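Trainee: Pasting a structure here, questions to come.
The values are calculated or read from the model by the stated rules, or taken from the named source; none is laboratory data. Owing to the predicted nature of the structure, the values given are computational and were not obtained by experimental measurement. Reconstructed Cβ throughout: ideal geometry from the backbone, glycine too, with neighbour counts over all protein chains shown. Side chains are part of the model used for accessible areas, which takes the heavy atoms of the whole protein and leaves out ligands, DNA and RNA. Shrake-Rupley method; radii C 1.70, N 1.55, O 1.52, S 1.80 Å.
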Amino acid sequence: MNELKMHENASPLEPDAASPGRRKTAILAGLAALCRSRIFYGAAALLVVAACYATYRVIGTKEPASPRAARRALAGPQPVAVADVARLDVKIVRHGLLGTVTPIANVSVKTQLSGYLLDIGFKEGQLVEKGDFLAQIDPRPYEASKAQYEGQLLRDQGLLDQARDDLRRYQSLKKLDSIARQQADNQNWVVKQYEGAVKADQALVDNQSLNLTYAHIVSPIRGRVGLRKIDAGSYVSTGDAIALVAQIDPISVIFGVPEDYIPEIASAQKKRGALEVTVFDRSDTRQIAVGRLQTLDNSIDPTTGMVSGRAEFVNADDKLYPNQFVNVHLLVDIHEKALVVPKTAIRSGASGLFVYKVTDQNRVVMQQITPSAGEHYDDFAGYNSGMVEIARGLTEGERVVTDGADRLRDGADVRIVAGGDGAGAPDATRRPRPEPTEAGAPSQEKRRDGSERARERRQQRPPSETQ
């Protein structure tokens, strides 16, 4: 009984003693389940990535600075080519003008009467002088007509002479009152009639002489004969074309000029006379000839806003051919003793155009400049040996960088190399390799030793690692 009572008294206390253990077990089981969950693994991965990124930010930004600084120190100052700011005569040329080669005289030789073409006196493409024989039309009908009219002229001339003698006799008899006054007056009118007939006959003779001249066709100008339009033996009528003769030396070029250029050209003509004109081929790359502007047309074409101009060229070498398309460059002015720099020295930045000016300490300074032509400074450089006129920003004698400025910065040290205006300067996009020195030999030896040690480690590595 006592044992039973003790057991009964103890049993109510067992749940209170065992509850902390069960809670601990439940907590451990929950933690184990949480560790096995995806959330835990994701959170752990994020923590690892954050730690790696922080390490990279701390170490990665500081480590490369040392090799970069070492390379800069090894390369030394940037090698550049320089040129002096000088004064030269600058040509102001208007280009982009389109023109066509046009003969000064282009004559179509046509017949002025009808007949058979007996002879052709030229070869196609032949150069002829004014008055050279070209063709012959059968003259015999016109010679016969001339002979007929000459005979008629002689007959009427005889009748006129007879009437004049009768008039003199009648006037003498009239003074003696031997004949009637009316008879003497009538004889005077007869003389007048014969004088008219003689003049008409002379005109007919002259007309036939002119026809004979027309039958012998000659060149009206000096030039080149084109392809013949008709062959010998053909019957030609008045107005039929025989050939085309074009004057090609000198020759002209007709081109269009924008109306905005007219005041500038007119002022230059008054100042300098006939302006120089240079023509280039269709691609505007090869110069053909140099001539002079003769005149501008007297009105502007309202449909295009252009005025036509004619320039004349000596064409002894036949480089210009009729109807050839050319590009015209018109020299309108020359700026004497202008301040110039090479075109290669000018660079463009956010603040505008600038150059790198080299100081006496071989240090570059960014210098803002203003070319005389503004943003279109390159328009005239090709006519001035690559030089550009500068309005503001530089003075004569200063030095500017012409080559090797791609990696320059304001205040950087430079090393001037031979080459003048960039010629012979090293490529600015490549850094120069250092010359071999005694200090460089150990570094090469160290590289060889490092490669040998790496090869030895690979040979000593166990087979499980190498496979």
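Trainee: For the condition under 29 Å from Lys91 (Cβ atoms), surrounded by 13 or more Cβ atoms within 10 Å (Cβ to Cβ) and over 25 Å from the mean Cα position of the chain (by Cα), what is the one hit in Asp281, Asp249, Asp240?
Mentor: Checking each option against the conditions leaves just Asp249.
Trainee: Do the conditions hold for Ile230, that is, is it within 17 Å of Lys123 (Cβ to Cβ), in contact (Cβ under 8 Å) with a residue 12 or more places away in the chain and either surrounded by 15 or more Cβ atoms within 10 Å (Cβ to Cβ) or in contact with a His (Cβ under 7 Å, 6 or more places away or on another chain) (or both)?
Mentor: yes
Trainee: So which of Ile221, Ile254, Ile179 ends up being modelled with pLDDT of 95 or more and either over 30 Å from Asn106 (Cβ atoms) or surrounded by fewer than 18 Cβ atoms within 10 Å (Cβ to Cβ) (or both)?
Mentor: The match here is Ile254.
Trainee: I need the strands (runs of 3 or more DSSP E) fully contained in the stretch 293-411, keeping only those with at least 2 residues that are among the aliphatic types (A, V, I, L, M) and under 30 Å from Phe255 (Cα atoms).
Mentor: By residue number, 306-313, 325-342, 387-392.
Trainee: Right, another one. Pick from Val414, Val355: which is closer than 27 Å to Val93 by Cα and surrounded by 15 or more Cβ atoms within 10 Å (Cβ to Cβ)?
Mentor: Testing whether each residue is closer than 27 Å to Val93 by Cα and surrounded by 15 or more Cβ atoms within 10 Å (Cβ to Cβ) leaves just Val355.
Trainee: Would you call Glu276 closer than 18 Å to Met306 by Cα, of a type in the set (Asp, Glu) and touching a strand residue (DSSP E or B) at 6+ places or on another chain (Cβ under 6 Å)?
Mentor: no
Trainee: Could you list, in sequence order, all residues of the stretch 196-220 that are within 16 Å of Leu113 (Cβ to Cβ) and polar (S, T, N, Q)?
Mentor: Within the stretch 196-220, Asn207, Gln208, Ser209, Asn211, Thr213 qualify.
Results for (1) out of contact with any strand residue (DSSP E or B) (no Cβ under 7 Å at 6 or more places or on another chain); (2) open to solvent by less than 70 Å² (accessible area, probe 1.4 Å), shown as yes or no for each residue.
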position: Gly96; (1), (2): yes, yes
position: Thr102; (1), (2): no, yes
position: Leu118; (1), (2): no, no
position: Glu124; (1), (2): no, no
position: Leu134; (1), (2): no, yes
position: Gln148; (1), (2): yes, no
position: Leu167; (1), (2): yes, yes
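Trainee: Now, a different point. Need the failing condition index for Gly233 against (1) assigned to a helix (DSSP H, G or I); (2) on the phi > 0 side of the Ramachandran plot; (3) of a type outside the set (Phe, Trp, Tyr), just the number.
Mentor: (1)
Trainee: Sort through Gly349, Gly382, Gly374 and tell me the only one that's open to solvent by less than 40 Å² (accessible area, probe 1.4 Å), under 20 Å from Gly96 (Cα atoms) and not aromatic (Phe, Trp, Tyr).
Mentor: Just a single option satisfies the conditions, and that option is Gly374.
Trainee: Suppose the filter is free of Cβ contacts under 8 Å to residues at least 24 places away in the same chain, among the aliphatic types (A, V, I, L, M) and in a strand (DSSP E or B); does Val277 pass it?
Mentor: Working: free of Cβ contacts under 8 Å to residues at least 24 places away in the same chain: no; among the aliphatic types (A, V, I, L, M): yes; in a strand (DSSP E or B): yes.
For Val277, the condition - free of Cβ contacts under 8 Å to residues at least 24 places away in the same chain, among the aliphatic types (A, V, I, L, M) and in a strand (DSSP E or B) - is not met.
Trainee: Taking the stretch 289-331 as the search range and keeping residues that are free of Cβ contacts under 8 Å to residues at least 60 places away in the same chain and out of contact with any strand residue (DSSP E or B) (no Cβ under 9 Å at 6 or more places or on another chain), which one is surrounded by the most Cβ atoms within 10 Å (Cβ to Cβ)?
Mentor: Among those that are free of Cβ contacts under 8 Å to residues at least 60 places away in the same chain and out of contact with any strand residue (DSSP E or B) (no Cβ under 9 Å at 6 or more places or on another chain), it is Pro302.
Trainee: Between Ala412, Ala391, Ala439, which is of a type in the set (A, V, I, L, M, F, W, C) and at pLDDT below 80?
Mentor: Numbers: Ala412 fails: at pLDDT below 80; Ala391 fails: at pLDDT below 80.
Selected residue: Ala439, the only one of Ala412, Ala391, Ala439 that is of a type in the set (A, V, I, L, M, F, W, C) and at pLDDT below 80.
Trainee: Being in contact (Cβ under 8 Å) with a residue 60 or more places away in the chain, under 30 Å from Pro103 (Cβ atoms) and in a loop (DSSP other than H, G, I, E, B) is the requirement here; does Ile254 meet it?
Mentor: Against the criterion (in contact (Cβ under 8 Å) with a residue 60 or more places away in the chain, under 30 Å from Pro103 (Cβ atoms) and in a loop (DSSP other than H, G, I, E, B)), Ile254 does not qualify.
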